[in-house]
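Heads up, the thing below is written out as structure tokens.
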Amino acid sequence: LPSRTVLVVMAGNIPLVGFFDLLCVVTAGHRCLVKMSSKDAVLMSFVIDQLKKIEPGVPVAVYDGATPFDAAIATGSDNANRYFRSLYAGVRTLLRGNRHSVAVLNGRETSGQLEALSDDIFSYSGLGCRNVSLIFVPRGISLRFASRRMNPKYLNNYRQRKALREMCGDPFSDLGFALLIRQSEFSQALSEVSVVEYDDLSQVAAWLREHDAELQCVVSDCIDHSRRVPFGRSQQPTLSDYPDAVDVMEFLYDL
């Protein structure tokens, strides 16, 4: 397998979210150029320094903006994804855009499962694509989550969204730190979680198939899905839980 130089453009929405791509590049025997997010530069720089202390010859370097590369892995918003397609048009690319995660409940979940679901929703202030932002529940089921300590900036978003919905007369359920909104669309606000009532799981299965390209993972104990994860595990992916279900190692071995 010939060694290539791979640029990794990292997101910064949650801590060290780009480390997985770095690990894959090095494991595949390639050289990794890291373009860090400004939001995660301190922690990522520390990790790279630790790697070099453990193995000085590890093929990882911070991208200087001029070094040529053979391929690029880039993660960002859908708008950033379109920009990446143009910017890196001359090399092999693996590009990722917006994704969302959902949970499917059947009303028989234990208190422990619901507590774990709270972690799936609110860990990292809901900033990750693996954070659940839409929940399917049987019709007539009401949801409550125990109070959580949240980031002050998150709470500012919660207060703003609550005030806006009160002024507009929009219905919502107030958790005291987040809002539950009855809608079938993914919310655009961190402090709002969409809730969809269903009459039969076949309706949910059809919705999941229709929106599969938008999904990162499905938290559930009652429905089958290729990217289903147990309650409390959405933010604990294994090494084979590839983002967007795209095999990064296969991409790297094909270079």
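Over the chain, dividing the summed -39,500 (n - 2.57) contributions of all DSSP H runs of at least 4 residues by the number of residues returns a 222 nm mean residue ellipticity of -9500 deg cm²/dmol. Protein heavy-atom surface of the chain, 1.4 angstrom probe: 51% of the accessible area is carbon and sulfur, with nucleic acids and ligands not counted. Each residue of region 211-224 was assigned a 3J(HN,Hα) from its phi angle through the Karplus curve 6.51 cos²θ - 1.76 cosθ + 1.60 (θ = phi - 60°); the sequence is 10, 4, 5, 9, 9, 9, 8, 10, 8, 5, 10, 10, 9, 7 Hz, with glycine and proline shown as x. Amide hydrogen proximity for VAL219: with H placed 1.01 Å from N in the peptide plane, the residues at 5 or more positions away or on another chain lying under 5 Å are VAL102, ALA103, VAL104, VAL229. Across all C-alpha atoms in region 175-255, the radius of gyration and Dmax reach 15.3, 50 Å. Taking amide H positions as modeled 1.01 Å from N, with prolines and chain starts lacking one, the residues under 5 Å from VAL62 and 5 or more places away or on another chain are VAL34. For region 120-232, treating each Cα as an identical point scatterer without solvent, what Debye log10 I(q)/I(0) comes out at q = 0.19, 0.21, 0.22 1/Å? Scattering profile of region 120-232, log10 relative to I(0): -1.08, -1.27, -1.37. Proximity of backbone amide H atoms, modeled 1.01 Å from N, is registered between TYR242 and no other residue at under 5 Å, excluding neighbours fewer than 5 places apart on the same chain.
Straight-distance candidates among the lysines for linking to LYS39, with alpha-carbon spacing under 26 Å and chain neighbours fewer than 8 residues away dropped: LYS52, LYS53, LYS153.
Accessible surface for the chain, divided over its residues, is 52 Å² per residue with a 1.4 Å probe.
When the alpha carbon gyration tensor of the chain is reduced to an equivalent ellipsoid, the three semi-axes, largest first, read 36, 20, 17 Å.
The values are calculated or read from the model by the stated rules, or taken from the named source; none is laboratory data. Please read these numbers as outputs of a predicted model, since none were measured by experiment. Note: accessible area is taken over every heavy atom of the protein model, side chains too, but ligands, DNA and RNA are not part of it. Shrake-Rupley method; radii C 1.70, N 1.55, O 1.52, S 1.80 Å.
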